[in-house]
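Okay, so here's the structure we're looking at.
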Amino acid sequence: MRSRPAASGSVFKMPSNKSEKIDRIEASDNVMVVVRCRPMNEKERNMGHRQVVNVDEIRGTITVYKTESANEPPKTFTFDTVFSPESKQVDVYNLTARPIVDSVLEGYNGTVFAYGQTGTGKTFTMEGVRVVPELRGIIPNSFAHIFGHIAKSEGDTRFLVRVSYLEIYNEEVRDLLGKDQSQRLEVKERPDVGVYIKDLSGYVVNNADDMDRIMTLGNKNRSVGATNMNEHSSRSHAIFTITIECSEKGIDGNIHVRMGKLHLVDLAVRTGKILIESLNKVAEYPVCSFAFVVYSCNFAFPEFV
């Protein structure tokens, strides 16, 4: 298996357009920080909330205004890519996840995960509305992307796709696809394979519908709880891993096998030390690219400004 280490630090030239953003993401192997701001919902508009966030997609900046202090200057933050409330699902996928999935299909490892307060739009961006093509999120689009690539393969190229689904809750690891949901799994490490989860189940899938069905089954076993902003908020971290093996004949006439892994991570609503610990656990996987998708609310509310 080929893998590239994540860069410890990189300097990016400010992109002048979205095409350049795609080239930059494809050429870099590192942690990408992406921010998407959602629009105000009907309740927030009826309550008279005002927009306090300005998104500049060309410069990759988010500017936050203090509504209660007219004399205080706004604060501007720069990220690898930013998306305004008017952004479309397909643009988010193409600019953040597509280059990572392409790398996985080439035999590298990649991770996409979302983090943000409850109600900021993580689920919509990651899952979307599956029955409406233009509203599908990163997860269903990545499923279709993988099997669309496989369908176009030619010659002696063969693929094997497997999935697994685990949950980290209260520092314990659980197999969301296992028969015994009370069983807690152990995190192990071996010189030949690195960090792995002992006894974690894996299932072979033949199409995007198989993936979707298995992920839905695992989601039913996740630990959830109510918050002030979401009745069924995830209380755990979950990692859905897609392992893609490809065998094809090389120029030497021999069969060569490459393997890549795509980790789709859903982080629970946590901050500070717990978030950092979670990132460290995820980072133990060898990766080609990280797309760190962060979310920001787009209205005046004391907790956010």
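What whole-number value in Å² describes the accessible area per residue of region 42-124 for a 1.4 Å probe?
On a per-residue basis, region 42-124 sits at 50 Å².
Compare the peptides 186-198, 46-58, 151-163, 106-118 by average per-residue count of other Cβ atoms within 10 angstrom and give them in order, highest first.
By packing density, highest mean first, the sequence is 106-118, 46-58, 151-163, 186-198.
How much length is gained on full extension from residue 156 to residue 64, taking 0.36 nm per residue of separation minus their Cα-Cα distance?
The residue 156-residue 64 span can extend by a further 27.7 nm.
In whole Hz and in residue order, list the ³J(HN,Hα) couplings for region 239-246 that follow from phi through the Karplus curve 6.51 cos²θ - 1.76 cosθ + 1.60, θ = phi - 60°; x for Gly and Pro.
Values per residue, Gly and Pro as x: 10, 9, 10, 10, 9, 10, 10, 10 Hz.
Name the residue farthest towards the positive end of the dipole of region 65-140 from the options 109, 132, 85, assuming +1 on Cβ of Lys and Arg, -1 on Cβ of Asp and Glu, about the Cα centre.
132
Under a 1.4 angstrom probe, counting protein chains only, how are 243, 76 ranked by accessible area, largest first?
If we order 243, 76 from most to least accessible, we get 76, 243.
Rounded to the nearest 0.05, what FRET efficiency do residue 186 and residue 251 give with R0 = 51 Å and r taken as the Cβ-Cβ distance? Could you check?
About 0.75, to the nearest 0.05.
Work out the FRET efficiency for residue 258 and residue 198 from their Cβ-Cβ distance, taking R0 = 41 Å, and round it to the nearest 0.05.
The computed FRET efficiency comes out at 0.95.
Taking the Cβ of residue 261 as the center, what net charge do the other residues with Cβ under 11 Å away carry, scoring Lys and Arg +1 and Asp and Glu -1?
Around residue 261, the charge tally is 0.
Whose amide H sits under 5 Å from the amide H of residue 81, counting only residues 5 or more places off or on another chain, with H placed in the peptide plane?
Those qualifying (amide H under 5 Å, at least 5 residues apart or on another chain) are 33, 35.
For a protection proxy built on the mean count of beta-carbon atoms within 10 angstrom, sort 91-101, 211-221 highest first, please.
The peptides rank, most packed first, as 91-101, 211-221.
Can you compute the modelled spin-label distance between residue 219 and residue 41, with each label point 7 Å from Cα toward Cβ, in nm?
Label at residue 219, label at residue 41, 1.6 nm between them.
Please compute one quarter of the surface area of the Cα convex hull for region 82-177 and express it in square nanometres.
8.3
In whole angstrom, how far apart do the alpha carbon centroids of region 154-228 and region 116-147 sit?
19
How would you classify region 157-212 from its alpha-carbon gyration tensor, with a ≥ b ≥ c the square roots of the eigenvalues: rounded for a/c under 1.5, else prolate if a/b is greater than b/c, otherwise oblate?
It comes out oblate by the Cα gyration axes.
Show me, for region 122-129, the HN-Hα J-couplings you get by feeding each phi into the Karplus relation (A = 6.51, B = -1.76, C = 1.60, θ = phi - 60°), rounded to Hz, glycine and proline as x.
4, 5, 5, 5, 6, 10, x, 10
How would you order 31-43, 245-257 from highest to lowest mean count of nearby Cβ atoms within 10 Å?
In decreasing order of mean packing, 31-43, 245-257 become 31-43, 245-257.
The values are calculated or read from the model by the stated rules, or taken from the named source; none is laboratory data. Predicted model only: the values in this text are computed from it and were never measured. Every residue, glycine as well, gets a Cβ built from its backbone with ideal geometry; the counts of neighbours run over all protein chains shown. For the accessible areas, the whole protein counts, side chains as well, though only heavy atoms, and no ligand, DNA or RNA atoms are used. Shrake-Rupley method; radii C 1.70, N 1.55, O 1.52, S 1.80 Å.
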